[in-house]
1. Being of a type in the set (D, E, K, R) and either assigned to a loop (DSSP other than H, G, I, E, B) or open to solvent by 50 Å² or more (accessible area, probe 1.4 Å) (or both): is that true of R105 here?
2. Please go through region 34-73 and pick out each residue that is assigned to a strand (DSSP E or B) and among the polar types (S, T, N, Q).
3. Scan region 7-24 and report the pairs whose first residue is closer than 15 Å to A78 by Cβ and open to solvent by 30 Å² or more (accessible area, probe 1.4 Å) and whose second residue is aromatic (F, W, Y) and modelled with pLDDT under 95, with Cβ atoms within less than 7 Å and a gap of 6+ or a chain change.
4. Restricting attention to region 74-100, which residues are among the aliphatic types (A, V, I, L, M) and assigned to a loop (DSSP other than H, G, I, E, B)?
5. Would you mention how many residues in region 75-91 are crowded, with 17+ Cβ neighbours inside 10 Å and either farther than 16 Å from D179 by Cα or over 11 Å from the mean Cα position of the chain (by Cα) (or both)?
6. Could you list, in sequence order, all residues of region 18-55 that are over 16 Å from the mean Cα position of the chain (by Cα) and of a type in the set (S, T, Y)?
Amino acid sequence: TFNDGYFPTRGFSAGLSYSWVFAGFPNRFNNFHECQAMAKVVVPGGDFFAFIPSFHFRFLLGSEIPVAYFNAIGGSLASRYMDQQIPFIGITNVTATKNILTTFRTDFRFRLAKNHYLTGIVNYARDCNTFREYISKELGHFGAGLQYSFNSIFGPLSFDVHWSNITKKVGIYLSAGYDF
(Lines give C-alpha, C1' and ligand atoms only; values in the text may rest on other atoms or scores of the structure.)
Protein backbone atom coordinates (compact mmCIF):
# COMPACT_ATOMS: atom_id res chain seq x y z
CA THR A 1 0.00 0.00 0.00
CA PHE A 2 2.97 2.35 -0.48
CA ASN A 3 1.98 5.67 -2.04
CA ASP A 4 5.23 5.69 -4.08
CA GLY A 5 7.34 2.76 -5.26
CA TYR A 6 10.71 4.35 -4.51
CA PHE A 7 10.22 7.15 -1.98
CA PRO A 8 7.00 6.38 -0.09
CA THR A 9 5.75 8.69 2.64
CA ARG A 10 3.11 6.29 3.96
CA GLY A 11 1.97 2.69 3.62
CA PHE A 12 3.14 -0.81 4.39
CA SER A 13 4.12 -4.05 2.71
CA ALA A 14 3.99 -7.57 4.15
CA GLY A 15 4.38 -11.09 2.89
CA LEU A 16 4.40 -14.67 4.09
CA SER A 17 5.28 -17.81 2.15
CA TYR A 18 5.89 -21.49 2.68
CA SER A 19 7.32 -24.05 0.23
CA TRP A 20 7.86 -27.76 0.54
CA VAL A 21 10.74 -28.27 -1.87
CA PHE A 22 11.63 -31.60 -3.46
CA ALA A 23 15.20 -31.20 -4.67
CA GLY A 24 17.90 -33.57 -5.88
CA PHE A 25 15.99 -35.28 -8.68
CA PRO A 26 16.91 -37.49 -10.65
CA ASN A 27 19.56 -38.95 -8.32
CA ARG A 28 17.44 -38.91 -5.15
CA PHE A 29 14.82 -36.83 -3.43
CA ASN A 30 15.92 -34.47 -0.69
CA ASN A 31 12.88 -32.58 0.53
CA PHE A 32 13.06 -29.60 2.86
CA HIS A 33 10.89 -26.70 3.99
CA GLU A 34 11.33 -23.03 3.17
CA CYS A 35 9.47 -20.47 5.32
CA GLN A 36 9.63 -16.72 4.71
CA ALA A 37 8.08 -13.63 6.26
CA MET A 38 8.71 -9.94 5.64
CA ALA A 39 7.18 -6.62 6.59
CA LYS A 40 7.99 -2.98 5.97
CA VAL A 41 6.12 0.08 7.17
CA VAL A 42 6.59 3.79 6.51
CA VAL A 43 5.94 5.96 9.54
CA PRO A 44 5.61 9.58 8.36
CA GLY A 45 7.21 12.29 10.43
CA GLY A 46 5.87 15.38 8.74
CA ASP A 47 6.54 16.51 5.19
CA PHE A 48 10.30 15.96 5.25
CA PHE A 49 10.97 12.83 7.32
CA ALA A 50 10.02 9.14 7.17
CA PHE A 51 10.96 6.36 9.60
CA ILE A 52 10.97 3.00 7.76
CA PRO A 53 11.52 -0.17 9.83
CA SER A 54 11.49 -3.60 8.17
CA PHE A 55 12.28 -7.24 8.86
CA HIS A 56 12.88 -10.42 6.85
CA PHE A 57 12.86 -14.01 8.13
CA ARG A 58 13.89 -16.96 5.98
CA PHE A 59 14.14 -20.43 7.48
CA LEU A 60 15.34 -23.55 5.64
CA LEU A 61 14.36 -26.63 7.61
CA GLY A 62 15.71 -30.04 6.61
CA SER A 63 18.97 -31.86 6.11
CA GLU A 64 21.37 -31.38 3.20
CA ILE A 65 19.84 -28.27 1.66
CA PRO A 66 21.16 -27.82 -1.91
CA VAL A 67 23.43 -24.86 -2.57
CA ALA A 68 20.94 -23.36 -5.05
CA TYR A 69 18.53 -22.65 -2.17
CA PHE A 70 20.91 -21.21 0.44
CA ASN A 71 20.10 -18.00 2.30
CA ALA A 72 21.87 -14.86 1.13
CA ILE A 73 22.20 -11.24 2.23
CA GLY A 74 23.70 -8.20 0.56
CA GLY A 75 23.07 -5.28 -1.70
CA SER A 76 20.36 -2.64 -1.68
CA LEU A 77 17.66 -4.60 -3.53
CA ALA A 78 15.90 -7.83 -2.67
CA SER A 79 16.48 -10.60 -5.25
CA ARG A 80 19.00 -8.51 -7.20
CA TYR A 81 21.41 -11.39 -7.91
CA MET A 82 19.33 -14.40 -6.79
CA ASP A 83 15.73 -14.98 -5.74
CA GLN A 84 16.49 -15.62 -2.07
CA GLN A 85 18.74 -12.57 -1.58
CA ILE A 86 17.68 -10.29 1.29
CA PRO A 87 18.92 -6.68 1.21
CA PHE A 88 21.67 -5.79 3.70
CA ILE A 89 23.42 -2.43 3.62
CA GLY A 90 27.15 -2.79 4.17
CA ILE A 91 27.66 -5.60 1.67
CA THR A 92 27.76 -4.62 -2.00
CA ASN A 93 27.47 -8.15 -3.42
CA VAL A 94 25.95 -11.40 -2.09
CA THR A 95 27.07 -13.26 1.02
CA ALA A 96 25.85 -16.76 1.91
CA THR A 97 24.38 -17.28 5.37
CA LYS A 98 23.21 -20.25 7.40
CA ASN A 99 19.80 -21.94 7.24
CA ILE A 100 17.97 -19.77 9.77
CA LEU A 101 18.24 -16.08 8.87
CA THR A 102 16.60 -12.98 10.31
CA THR A 103 17.32 -9.39 9.33
CA PHE A 104 16.08 -6.13 10.82
CA ARG A 105 16.55 -2.79 9.10
CA THR A 106 15.70 0.81 9.87
CA ASP A 107 15.82 3.68 7.38
CA PHE A 108 15.73 7.31 8.49
CA ARG A 109 14.89 9.21 5.29
CA PHE A 110 14.93 13.00 4.98
CA ARG A 111 13.61 14.90 1.96
CA LEU A 112 16.12 17.71 1.47
CA ALA A 113 14.39 19.41 -1.48
CA LYS A 114 11.69 18.50 -4.00
CA ASN A 115 13.48 15.44 -5.48
CA HIS A 116 16.52 15.09 -3.17
CA TYR A 117 16.66 12.54 -0.35
CA LEU A 118 19.20 11.63 2.34
CA THR A 119 18.76 8.30 4.14
CA GLY A 120 20.59 6.88 7.13
CA ILE A 121 20.35 3.09 7.19
CA VAL A 122 21.14 0.64 9.99
CA ASN A 123 20.58 -3.12 9.76
CA TYR A 124 21.24 -6.27 11.75
CA ALA A 125 21.30 -9.92 10.64
CA ARG A 126 21.45 -13.09 12.68
CA ASP A 127 21.98 -16.55 11.21
CA CYS A 128 22.48 -20.08 12.49
CA ASN A 129 21.65 -23.68 11.62
CA THR A 130 19.43 -24.57 14.61
CA PHE A 131 17.01 -22.60 16.76
CA ARG A 132 19.01 -23.58 19.86
CA GLU A 133 22.09 -21.83 18.38
CA TYR A 134 19.95 -18.77 17.61
CA ILE A 135 19.34 -18.12 21.30
CA SER A 136 22.82 -18.96 22.57
CA LYS A 137 24.92 -17.62 19.69
CA GLU A 138 27.02 -14.47 20.00
CA LEU A 139 26.08 -11.21 18.33
CA GLY A 140 25.15 -11.21 14.65
CA HIS A 141 26.12 -8.98 11.73
CA PHE A 142 25.77 -5.19 11.67
CA GLY A 143 25.76 -2.79 8.75
CA ALA A 144 25.22 0.93 8.35
CA GLY A 145 25.19 3.36 5.49
CA LEU A 146 24.35 6.83 4.30
CA GLN A 147 22.54 7.18 0.96
CA TYR A 148 21.86 10.23 -1.21
CA SER A 149 19.12 9.87 -3.86
CA PHE A 150 17.73 12.07 -6.60
CA ASN A 151 14.33 11.20 -8.07
CA SER A 152 14.84 11.95 -11.79
CA ILE A 153 12.51 11.34 -14.73
CA PHE A 154 14.78 8.41 -15.72
CA GLY A 155 14.35 6.81 -12.30
CA PRO A 156 16.13 7.24 -8.99
CA LEU A 157 19.83 8.07 -9.01
CA SER A 158 21.43 6.91 -5.76
CA PHE A 159 24.85 6.88 -4.17
CA ASP A 160 25.62 5.27 -0.83
CA VAL A 161 28.59 4.83 1.45
CA HIS A 162 28.37 1.85 3.80
CA TRP A 163 30.22 -0.40 6.25
CA SER A 164 29.53 -3.78 7.89
CA ASN A 165 31.27 -6.01 10.41
CA ILE A 166 31.29 -8.76 7.78
CA THR A 167 33.48 -6.92 5.26
CA LYS A 168 35.11 -4.58 7.79
CA LYS A 169 35.59 -2.15 4.90
CA VAL A 170 33.95 1.03 3.71
CA GLY A 171 32.15 0.46 0.43
CA ILE A 172 30.26 2.52 -2.11
CA TYR A 173 27.35 1.72 -4.37
CA LEU A 174 25.95 3.74 -7.26
CA SER A 175 22.62 2.96 -8.91
CA ALA A 176 20.77 4.66 -11.72
CA GLY A 177 17.29 4.09 -13.11
CA TYR A 178 14.29 2.01 -12.26
CA ASP A 179 14.56 -1.44 -10.64
CA PHE A 180 13.47 -4.33 -12.81
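1. It is false that R105 is of a type in the set (D, E, K, R) and either assigned to a loop (DSSP other than H, G, I, E, B) or open to solvent by 50 Å² or more (accessible area, probe 1.4 Å) (or both).
2. Q36, S54
3. S13/F2
4. Within region 74-100, L77, A78, M82, I89, I91, V94 meet the criteria.
5. 5
6. Residues satisfying the conditions are Y18, S19.
For (1) surrounded by 17 or more Cβ atoms within 10 Å (Cβ to Cβ); (2) in contact with a Cys (Cβ under 8 Å, 6 or more places away or on another chain); (3) among the aromatic types (F, W, Y), each residue gets a yes or a no:
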{"site": "I100", "(1), (2), (3)": "yes, yes, no"}
{"site": "L112", "(1), (2), (3)": "no, no, no"}
{"site": "Y117", "(1), (2), (3)": "yes, no, yes"}
{"site": "R126", "(1), (2), (3)": "yes, no, no"}
{"site": "P156", "(1), (2), (3)": "yes, no, no"}
{"site": "S175", "(1), (2), (3)": "yes, no, no"}
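The values are calculated or read from the model by the stated rules, or taken from the named source; none is laboratory data. In this text, all values refer to a predicted model and were calculated from it rather than measured experimentally. Here the Cβ is made from the backbone with ideal geometry for all residues, glycine too, and neighbour counts use every protein chain on show. What goes into the accessible areas is simple: the full protein's heavy atoms, side chains included, and nothing from ligands, DNA or RNA. Shrake-Rupley method; radii C 1.70, N 1.55, O 1.52, S 1.80 Å.
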